[in-house]
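Asks: Got a structure for you, questions after.
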Amino acid sequence: MSATPWWASESMWRKCAIWVTAGMAVILIFLTFDTVNKITAGNGRVPAYDVINSRIYYQFDRERGFQVPVIGDEAPLFGRKLSPEEAEALVTHGKMTIQAKNCMNCHTLLGNGAYYAPDLTKSWLDPGWAAEAVREDLMMRFLRDPPNNARTYGTGRRMPNLDISEEEARAIVAYLKWMAAIDTNGFPRGFEPIAQEGDS
Ligand code: HEC
């Protein structure tokens, strides 16, 4: 008697392989749509681009055990309120500039990049910008001429002059403000934000 038991039959294993592959393909397609939805601006944890018209600050979330960005009152970037389209164009220009100048060679943004220089994910909230009232001005000066406007973020390193125009610097600041408003699940860990007016 050499009848093959059911669990060792070739056809059973072939069917298993087909069903598992098909099942995983369906799950993968579902997760892809789910993720794309979650990382699209204006959905879930990623705010719409016109969030740059509002004050962004950090607040400790007791339930989650870390700080989360809060979108506060109206506080337009550079004092001018932008339409959703204008805001998207500005933030996109900032992103393109950051890619074109390869800032990730030294910095990390949203988990991608290098750690030669400070993580930029929450740079907008960095205490290095002294106070909210002077932040925009200090950021613009720094980006346009880093060696002469060094902020010393504790690395002892210096950022080179990357020949960033005024328009590009404004767009970068808009991008950094928008990025700071993204709920990154507490990343980067242990980040201490700039002194926030109205903190209790
Ligand atoms: C060659 C490496 C290098 C490149 C490329 C670079 N940076 Fe920097 N960056 C630094 C260093 C080093 C510092 C810290 C400077 C200091 O402490 O004074 C810094 C600091 C900063 C800060 C302040 C950090 C903070 O915590 O808020 C910002 C904002 C910034 N860089 C933006 C940019 C942007 C935008 C680009 C691309 C256009 C860029 N950097 C490209 C090296 C670099």
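Asks: Per-residue ellipticity at 222 nm for the chain, helices alone: DSSP H runs ≥ 4 residues times -39500 (n - 2.57), over residue total, nearest 500 deg cm²/dmol?
Replies: It comes out at -13000 deg cm²/dmol, rounded to the nearest 500.
Asks: Also, I was wondering about something else. Where the centroid of each part is defined by its Cα atoms, how far is region 35-61 from region 121-177 in Å?
Replies: 22
Asks: Counting only residues 5 or more places away or on other chains, whose amide H sits under 5 Å from the amide H of Gly72 once H atoms are built in the peptide plane?
Replies: Excluding prolines and chain starts, which carry no amide H, the hits are Arg55, Ile56, Tyr57.
Asks: What FRET efficiency do you get for Phe78 and Met104 if R0 is 25 Å and r is their Cβ-Cβ distance, rounded to the nearest 0.05? Please report the intermediate quantities before stating the final value.
Replies: Working: r = 25 Å, r/R0 = 1.01.
For R0 = 25 Å, the calculated efficiency reads 0.50.
Asks: Ok, one more. Tally Lys and Arg at +1 and Asp and Glu at -1 over the other residues with C-beta under 10 Å from the C-beta of Arg135: what net charge comes out?
Replies: That works out to -3.
Asks: Now, a different point. If you only keep lysine pairs separated by 8 or more in sequence, or across chains, how many in the chain come under 20 Å at the Cα atoms?
Replies: 10
Asks: Further question: When Trp7, Trp178 are ordered from fewest to most other Cβ atoms inside 10 Å of their Cβ, what list results?
Replies: Values: Trp7 7, Trp178 27.
Least to most surrounded, the residues fall as Trp7, Trp178.
Asks: Net charge within 15 Å of Thr40 by Cβ-Cβ distance, Lys/Arg positive one each and Asp/Glu negative one each, not counting Thr40 itself?
Replies: Net charge in that neighbourhood comes out at -1.
Asks: How big is the Kirkwood radius of the chain, worked out from every pair of different alpha carbons and given in Å to one decimal?
Replies: Mean inverse Cα-Cα distance, inverted, gives 19.4 Å.
Each reported figure results from applying straightforward, stated rules to the coordinates on display, with no laboratory input. In this text, all values refer to a predicted model and were calculated from it rather than measured experimentally. A quick note on method: Cβ atoms are made from the backbone with ideal geometry, for glycine too, and the neighbour counts reach across all protein chains shown.
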